[in-house]
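Asks: I have a structure here, written as structure tokens, and I will follow up with some questions on it.
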Amino acid sequence: MLVVLAFLTIDSLDASRAGGRQVPDYDVINQHIGYTYDWSRRLEVPVIGPAEPLFGRTYSLQEASGLMSFGKLVIQSRACMDCHTFFGNGAYYGPDLTKAWLDPAWSQIWMPMTGSSTREAAMVAFLMHPDQYPTWTRRMPNLHLTRAEAQAVVAYLKWMSAIDTNGFPAHFGRIQAQN
């Protein structure tokens, strides 16, 4: 039994650590991240594509790792999980942020609303001044993020969207707007 437990522990760590089987290394933020339905697995999965520098630059693995640590600290210090969900954990007052980077609303609604030319710029603008942008019935409070803090959170959200979560959240890639 101990041998089986040891094997399962090692296998789980390999799958769930950054650079592991299902969790890409932090420098994946330098690439295009998409989402598609995998018919063989019968679930939506992230697709890592060609180079797509974040904020107009390419981060080394060391720089990206530092950015992820900073982004995670910002998320923790602002208690984002009091309203949002990450990987199914947290509250359900605000949107689930597991695949937030992939949300088409950033290009369809938020880029025009913020006057931004990129998804990451729109996300930073929103995070720095959420009180300036209407969010339908619920409003995100202004957490007074600096530009560096907002960029670190956006980088963390982009990395998180590249993680193979075995189809969680369900039907994310196939959600259609209701008329």
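The values are calculated or read from the model by the stated rules, or taken from the named source; none is laboratory data. Values in this document were obtained by computation on a predicted structure and should not be read as measured data. Cβ sites come from the backbone with ideal geometry, for glycine too, and all protein chains shown count toward neighbours.
Asks: Before we move on, is ASP82 touching a Pro at 6+ places or on another chain (Cβ under 8 Å) and acidic (Asp, Glu)?
Replies: No.
Asks: Report, by residue number, each residue of the range 143-155 that is under 17 Å from GLY56 (Cβ atoms), touching a residue at least 40 places away in the same chain (Cβ under 8 Å) and more than 15 Å from the chain's Cα centre (by Cα).
Replies: ALA148
Asks: Is it the case that ALA91 is at pLDDT 95 or above and surrounded by 11 or more Cβ atoms within 10 Å (Cβ to Cβ)?
Replies: no
Asks: What residue, among those in the range 81-102 that are among the polar types (S, T, N, Q) and either in contact (Cβ under 8 Å) with a residue 12 or more places away in the chain or assigned to a loop (DSSP other than H, G, I, E, B) (or both), is farthest from HIS32 (Cα to Cα)?
Replies: THR85
Asks: Further question: Would you check which residues across the range 49-71 are surrounded by fewer than 18 Cβ atoms within 10 Å (Cβ to Cβ) and within 19 Å of ALA125 (Cα to Cα) and list them?
Replies: Once the filter is applied, which keeps residues that are surrounded by fewer than 18 Cβ atoms within 10 Å (Cβ to Cβ) and within 19 Å of ALA125 (Cα to Cα), the range 49-71 yields PRO53, PHE55, GLY56, ARG57, PHE70.
Asks: Hey, could you check the range 1-48 for residues that are among the charged types (D, E, K, R) and surrounded by fewer than 16 Cβ atoms within 10 Å (Cβ to Cβ) and say which is modelled with the lowest pLDDT?
Replies: Ranking the qualifying residues of the range 1-48, first place goes to ASP11.
Asks: Right, here's the next one. Only one residue in MET111, MET140, MET123 is surrounded by fewer than 20 Cβ atoms within 10 Å (Cβ to Cβ) and either under 19 Å from VAL23 (Cβ atoms) or free of Cβ contacts under 8 Å to residues at least 40 places away in the same chain (or both), so which one is that?
Replies: MET111
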